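The values are calculated or read from the model by the stated rules, or taken from the named source; none is laboratory data. These figures come from a predicted structure and were not determined experimentally. Quick reminder, even Gly has a Cβ in these numbers, built from the backbone with ideal geometry, and neighbours come from all protein chains shown. These accessible areas exclude ligands, DNA and RNA; they are computed on the full protein's heavy atoms, side chains included. Shrake-Rupley method; radii C 1.70, N 1.55, O 1.52, S 1.80 Å.
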Amino acid sequence: METEQQQRESINASLSQSTLALEGVDTVNLPKLPPASEPESQLQQISRQVSQFLEKLPEYLGSFFQDYKQPLITVALILAAIVTAKLVLAVLNAINDIPLLSPTFELVGISYATWFVSRYLLKASTRQELADEIQSLKNQFLGE
């Protein structure tokens with residue numbers, strides 16, 4: 001066995017010397033291979049992709065907002081109206097649970113409705129006055 005191993009070593013040594021001793025070959029300026037790098041693990045690939053996405057996220061959001069500005073504002077206003085309505089209903093429900101406040105508000109509402117009917121709706125002249133007042137307010141709001 002030692003003889004086979006010695007023979008292999010001597011063959012390898014002679015081959016390496018003969019290849020280096022070629023005439024006219026510049027061994028210093030031969031192209032070199034890049035160093036071997038380990039393949040990226042799956043975790044490194046995912047983290048690289050996530051970091052690239054996060055780098056471009058402000059650009060994505062800016063272009064999305066520019067493209068869909070009007071629909072986003074509309075949706076935001078609808079959501080704000082829903083939240084406001086729920087909040088007002090919750091406050092009114094809380095006020096309604098106070099023992100003497102609910103009947104007092106009902107009495108005020110009935111009194112105002114009675115006054116409104118007697119002031120504006122019983123006579124034709126006052127109904128015309130109310131219609132003129134409504135038309136005047138409509139013109140002020142609509143700019144006519």
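Apart from one condition, Ile95 fits all of (1) touching a Phe, Trp or Tyr at 6+ places or on another chain (Cβ under 9 Å); (2) surrounded by fewer than 11 Cβ atoms within 10 Å (Cβ to Cβ); the exception is (2). Of the residues making up the stretch 122-144, those that are assigned to a helix (DSSP H, G or I), among the hydrophobic types (A, V, I, L, M, F, W, C) and open to solvent by 70 Å² or more (accessible area, probe 1.4 Å) are Ile134, Leu137, Phe141, Leu142. Checked against (1) modelled with pLDDT under 90; (2) open to solvent by 100 Å² or more (accessible area, probe 1.4 Å), Gly24 passes all but condition (2). Among the residues in the stretch 111-120, are any part of a helix (DSSP H, G or I), open to solvent by 80 Å² or more (accessible area, probe 1.4 Å) and hydrophobic (A, V, I, L, M, F, W, C)? Taking every residue of the stretch 111-120 in turn, at least one turns out to be part of a helix (DSSP H, G or I), open to solvent by 80 Å² or more (accessible area, probe 1.4 Å) and hydrophobic (A, V, I, L, M, F, W, C).
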